[in-house]
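Quick notes on the structure that follows.
The values are calculated or read from the model by the stated rules, or taken from the named source; none is laboratory data. Since we're looking at a predicted model, the values are computed, not measured. Neighbour counts are summed over all protein chains in view; Cβ atoms, including those assigned to glycine, are modelled from backbone coordinates with ideal geometry. All accessible areas refer to the heavy atoms of the entire protein, side chains included, with ligands and DNA or RNA removed. Shrake-Rupley method; radii C 1.70, N 1.55, O 1.52, S 1.80 Å.
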Amino acid sequence: VPMGVLSCMKYLMFIFNMLVFAGGTCLAGMGVWVAVDPAGFQDIVATRAVLSAGAWLLLVVGIALSLLGFLGCCGALRRSRPLLLL
């Protein structure tokens, strides 16, 4: 495989993992926002319990995606197979 292809794949994987990291960070931020200030979202959701559970779910999924995106970025830059497989 030519080196140019490997270099392109490395940077494409880095960009994709950076997008996953950014999306996870946004989800975690939204979860914190809903947990701290639920007044703006109570019109959308009927019950407070559903809103609280949704906020925690957003927070947990966002943190997990951020962690996976970060590890993927590190794996792509270092060409580390275990980090990319994680």
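A compact table of results
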quantity: Environment charge at K10 (Cβ cut-off 13 Å; Lys +1, Arg +1, Asp -1, Glu -1); calculated: +3
quantity: Two-site FRET efficiency, L6 against A64, from Cβ-Cβ distance with R₀ of 25 Å, rounded to 0.05; calculated: 0.30
quantity: In nm, spacing of pseudo-spin labels at A22 and V50 (7 Å Cα→C-beta vector); calculated: 3.2
quantity: Mean Cβ neighbour count within 10 Å, used as a protection proxy, ranking 55-66, 73-84 highest first; calculated: 55-66, 73-84
quantity: Per residue solvent-accessible surface (Å²) - the chain, probe of 1.4 Å; calculated: 70
quantity: Shape category assigned to the chain from the gyration tensor of Cα positions, a/c cut at 1.5; calculated: prolate
quantity: Spatial separation of Cα centroids for region 52-76 and region 1-17, in angstrom; calculated: 23
quantity: Where a label projected 7 Å from the Cα of A39 along Cα→Cβ would reach, residues of region 49-74 with amide N under 20 Å; calculated: 49-53, 55
quantity: Carbon + sulfur, % of accessible area of the chain - ligands and nucleic acids excluded, 1.4 Å; calculated: 77
